[in-house]
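The values are calculated or read from the model by the stated rules, or taken from the named source; none is laboratory data. If you're wondering where the values come from, they're calculated on a predicted model, not measured in any experiment. Glycine also receives a Cβ, built like all others from the backbone with ideal geometry; neighbour counts cover every protein chain displayed.
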Amino acid sequence: MEETNIRVVLYSIFSLIFLIISFKFLKPKKQNLPPSPPGWLPIIGHLRLLKPPIHRTLRSFSETLDHNDGGGVMSLRLGSRLVYVVSSHKVAAEECFGKNDVVLANRPQVIIGKHVGYNNTNMIAAPYGDHWRNLRRLCTIEIFSTHRLNCFLYVRTDEVRRLISRLSRLAGTKKTVVELKPMLMDLTFNNIMRMMTGKRYYGEETTDEEEAKRVRKLVADVGANTSSGNAVDYVPILRLFSSYENRVKKLGEETDKFLQGLIDDKRGQQETGTTMIDHLLVLQKSDIEYYTDQIIKGIILIMVIAGTNTSAVTLEWALSNLLNHPDVISKARDEIDNRVGLDRLIEEADLSELPYLKNIVLETLRLHPATPLLVPHMASEDCKIGSYDMPRGTTLLVNAWAIHRDPNTWDDPDSFKPERFEKEEEAQKLLAFGLGRRACPGSGLAQRIVGLALGSLIQCFEWERVGNVEVDMKEGVGNTVPKAIPLKAICKARPFLHKIIS
Ligand code: HEM
């Protein structure tokens, strides 16, 4: 009997010790997540609250939250995904793209990346790792290096001149109302397509009008569907009811057929040309295992998706701001007239001598970053953002638009003032091209084409608003934020233009 009692007591003591140990060490650690806005519902989370323009909605959510550690981070549930939104420059620069740059260099996967983006093997969607590093190195050398950009200078110069000639034919020396968006899109799409394929698919004098029509439609469809995802990506059960995945699969097949056609055309040619596809096919001969057709198609696709609309909308926003600030246009024109003169068109080599023009572009990128939430990142491991825990798999959105208008970071943040960039350090605060490993590799090309086109439009024409009312600056809906009302302006060629564009 006594022995049994001792056993019971020992058993109880061991059980108690086991319980204490389990409670202390095996209990899931309570995580310190950032504050989250109210209105969360089971299954869909905060999805229903995301009204466009999403960057504005996210800023107003963030403003209503009680950030007890200085602010700038909030968490959302978008369906099954945990999403952190950062709206502070310090947190973005130091915590996300500083301390945690490698952990956050991943991308969340979405359905379109599987069916259109070659199973996420393209540069924008690829997970951080050897494949992405190889692609990025390849594109840095073959597309974005100064040497390569200089090789394609003739394309940018020719496309900007065509834009100026087209406008001067339309407007001449009489005041004429012109709609700018289609012309700016033609400029940036032709620039990329000519670099890749050598062909013009947009605007007047296309290589083959029937083919050009097909290409324009396809590129527009891909652009309209390319985003951070569809509701189906966040609430997987919707796959059962939605036709989204089938539509995207079909789009992927059509896109692939078109891109394969471009490669086959080049492969069938007797002589090697100078386009990007020609270069990539030469590399393919040296290493057929790595430079597969799929890799080459992924590169062309990404150049078109990332390198066209972004520059076109930046130009449209820049001109809209200039029309609302005639004093800024006058100052920029004086700078160009003084440094370039009236006997020739501005050239890309002049850009480094035109600091005020550069500041106009920077101020436009500040107020209207083309991708206001950058491209979503994803945590590949548990990490910490400030005092908050960020579990592995969390999506990170950086609200560059809100950061660019934060009164703690910028003086008079909502006003268009290119002069602010006369202090050189101000440009360091911009996030329009992202930061860290996944920052935009096309920023150099973008600044060249935007600077040259904008400078030429200021040099060659006089500009006025239509009806003398302010240009409406409301944002429309789209991944690369367009103007809600496309820009129309009154344009008149300056008297010397006809002499220098003949
Ligand atoms: C005004 C024009 C442009 C803006 C504002 C812009 C902005 C951006 C931003 C914010 C990102 C994402 C950064 C991040 O993930 O944190 C990005 C990525 C990228 N951009 Fe641009 N971009 C522009 C033009 C271009 C051009 C002209 C090209 C190429 C022709 C290009 C190619 C890319 C590529 C390939 C990526 C993905 C990089 C990666 O994931 O490793 N972009 N861009």
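You will find that of GLU254, GLU316, GLU353, GLU335, the residue that is in contact with a Leu (Cβ under 8 Å, 6 or more places away or on another chain), farther than 25 Å from THR480 by Cα, in contact (Cβ under 8 Å) with a residue 12 or more places away in the chain and of a type in the set (Asp, Glu) is GLU335 and no other.
Selection of region 458-479 for residues being within 16 Å of the ligand (Cβ to nearest atom) and within 16 Å of LEU319 (Cβ to Cβ) yields only GLU475.
One residue stands out among those in region 38-65 that are outside any helix (DSSP H, G or I) and in contact with a Pro (Cβ under 9 Å, 6 or more places away or on another chain): the one that is surrounded by the most Cβ atoms within 10 Å (Cβ to Cβ), which is HIS46. When PRO28 is tested against (1) at negative phi; (2) at pLDDT 60 or above; (3) part of a loop (DSSP other than H, G, I, E, B), just one condition goes unmet, and that condition is (2). Scanning region 421-440 for residues that are within 6 Å of the ligand (Cβ to nearest atom) and either among the aromatic types (Phe, Trp, Tyr) or crowded, with 18+ Cβ neighbours inside 10 Å (or both) gives ALA432, PHE433, GLY434, ARG438, CYS440. Does region 405-420 hold any residues that are surrounded by 18 or more Cβ atoms within 10 Å (Cβ to Cβ) and in contact with a Phe, Trp or Tyr (Cβ under 9 Å, 6 or more places away or on another chain), and which are they? If the condition is that a residue be surrounded by 18 or more Cβ atoms within 10 Å (Cβ to Cβ) and in contact with a Phe, Trp or Tyr (Cβ under 9 Å, 6 or more places away or on another chain), then PRO418, ARG420 are the ones that fit. Within region 91-134, the residues that satisfy the criterion of being buried (at least 20 other Cβ atoms within 10 Å of the Cβ), within 12 Å of the ligand (Cβ to nearest atom) and outside any loop (DSSP other than H, G, I, E, B) are ALA92, CYS96, PHE97, ASN106, GLY113, TRP132. Of all residues in region 414-436, those that are of a type in the set (Phe, Trp, Tyr) have Cβ atoms under 8 Å from Cβ atoms of residues that are surrounded by 11 or more Cβ atoms within 10 Å (Cβ to Cβ) and assigned to a loop (DSSP other than H, G, I, E, B), 6 or more apart or on another chain, in PHE416/HIS325; PHE433/ALA439; PHE433/CYS440. If the condition is being outside any loop (DSSP other than H, G, I, E, B) and among the charged types (D, E, K, R), then region 150-202 contributes ARG156, ASP158, GLU159, ARG161, ARG162, ARG166, ARG169, GLU179, LYS181, ASP186, ARG194.
Taking LEU452, is it within 15 Å of the ligand (Cβ to nearest atom), surrounded by 14 or more Cβ atoms within 10 Å (Cβ to Cβ), closer than 22 Å to ILE143 by Cα and more than 18 Å from the chain's Cα centre (by Cα)? Working first, answer last.
Details: within 15 Å of the ligand (Cβ to nearest atom): yes; surrounded by 14 or more Cβ atoms within 10 Å (Cβ to Cβ): yes; closer than 22 Å to ILE143 by Cα: yes; more than 18 Å from the chain's Cα centre (by Cα): yes.
Against the criterion (within 15 Å of the ligand (Cβ to nearest atom), surrounded by 14 or more Cβ atoms within 10 Å (Cβ to Cβ), closer than 22 Å to ILE143 by Cα and more than 18 Å from the chain's Cα centre (by Cα)), LEU452 qualifies.
Considering only residues in region 161-211 that are in contact with a Leu (Cβ under 8 Å, 6 or more places away or on another chain) and among the acidic types (Asp, Glu), the one that is surrounded by the most Cβ atoms within 10 Å (Cβ to Cβ) turns out to be ASP186. Considering region 380-398 alone, what residues qualify as being more than 18 Å from TYR128 (Cα to Cα) and charged (D, E, K, R)? Result: LYS384, ASP389. Of everything in region 319-332 that is within 15 Å of ILE485 (Cα to Cα) and among the aliphatic types (A, V, I, L, M), the residue that is surrounded by the most Cβ atoms within 10 Å (Cβ to Cβ) is LEU319. For a quick check of your reading: which strands (runs of 3 or more DSSP E) sit entirely within region 353-427 and have at least 3 residues that are of a type in the set (A, V, I, L, M)? The qualifying strands (runs of 3 or more DSSP E) are 395-398.
Would you point out the residue of region 373-389, among those that are away from the ligand (no atom under 16 Å from the Cβ) and on the phi < 0 side of the Ramachandran plot, that is farthest from the chain's Cα centre (by Cα)?
Our first condition is that a residue be away from the ligand (no atom under 16 Å from the Cβ); within region 373-389, this holds for 381-384, 386-389.
Within this subset, residues satisfying the condition of being on the phi < 0 side of the Ramachandran plot are 381-384, 387-389.
Details: GLU381: 25, ASP382: 26, CYS383: 25, LYS384: 26, SER387: 29, TYR388: 27, ASP389: 27 Å.
Checked region 373-389; the qualifying residue farthest from the chain's Cα centre (by Cα) is SER387.
Residue count for region 317-334, restricted to those that are over 13 Å from GLY455 (Cα atoms) and within 16 Å of the ligand (Cβ to nearest atom): 3.
Being away from the ligand (no atom under 16 Å from the Cβ), over 18 Å from THR121 (Cα atoms) and assigned to a helix (DSSP H, G or I): is that true of ASP278 here? Don't jump to the end; show me each part of the working.
On the way: away from the ligand (no atom under 16 Å from the Cβ): yes; over 18 Å from THR121 (Cα atoms): yes; assigned to a helix (DSSP H, G or I): yes.
Yes.
Could you tell me which of the residues ALA370, ALA400 is over 19 Å from PHE61 (Cβ atoms), within 14 Å of the ligand (Cβ to nearest atom), of a type in the set (Gly, Ala, Ser) and modelled with pLDDT of 95 or more? Spell out how you get there, then give the answer.
Numbers: ALA400 fails: over 19 Å from PHE61 (Cβ atoms).
Being over 19 Å from PHE61 (Cβ atoms), within 14 Å of the ligand (Cβ to nearest atom), of a type in the set (Gly, Ala, Ser) and modelled with pLDDT of 95 or more holds for just one of ALA370, ALA400, which is ALA370.
Is at least one residue of region 294-310 of a type in the set (D, E, K, R), free of Cβ contacts under 8 Å to residues at least 40 places away in the same chain and either in contact with a helix residue (DSSP H, G or I) (Cβ under 7 Å, 6 or more places away or on another chain) or under 20 Å from ARG194 (Cβ atoms) (or both)? Scanning region 294-310 turns up no residue that is of a type in the set (D, E, K, R), free of Cβ contacts under 8 Å to residues at least 40 places away in the same chain and either in contact with a helix residue (DSSP H, G or I) (Cβ under 7 Å, 6 or more places away or on another chain) or under 20 Å from ARG194 (Cβ atoms) (or both). If you check ARG405, ARG438, ARG448 for being among the basic types (Lys, Arg) and touching a strand residue (DSSP E or B) at 6+ places or on another chain (Cβ under 8 Å), only one passes: ARG438.
Kindly indicate whether ILE143 is within 11 Å of the ligand (Cβ to nearest atom), closer than 19 Å to MET196 by Cβ and assigned to a helix (DSSP H, G or I). Here the answer is yes, as ILE143 does meet what is asked. Restricting attention to region 224-237, the residues that are crowded, with 17+ Cβ neighbours inside 10 Å and either free of Cβ contacts under 8 Å to residues at least 12 places away in the same chain or not β-branched (Val, Ile, Thr) (or both) total 6. If you go through region 203-224 and pick out every residue that is outside any helix (DSSP H, G or I) and either touching a strand residue (DSSP E or B) at 6+ places or on another chain (Cβ under 9 Å) or closer than 18 Å to ALA306 by Cβ (or both), you end up with 0.
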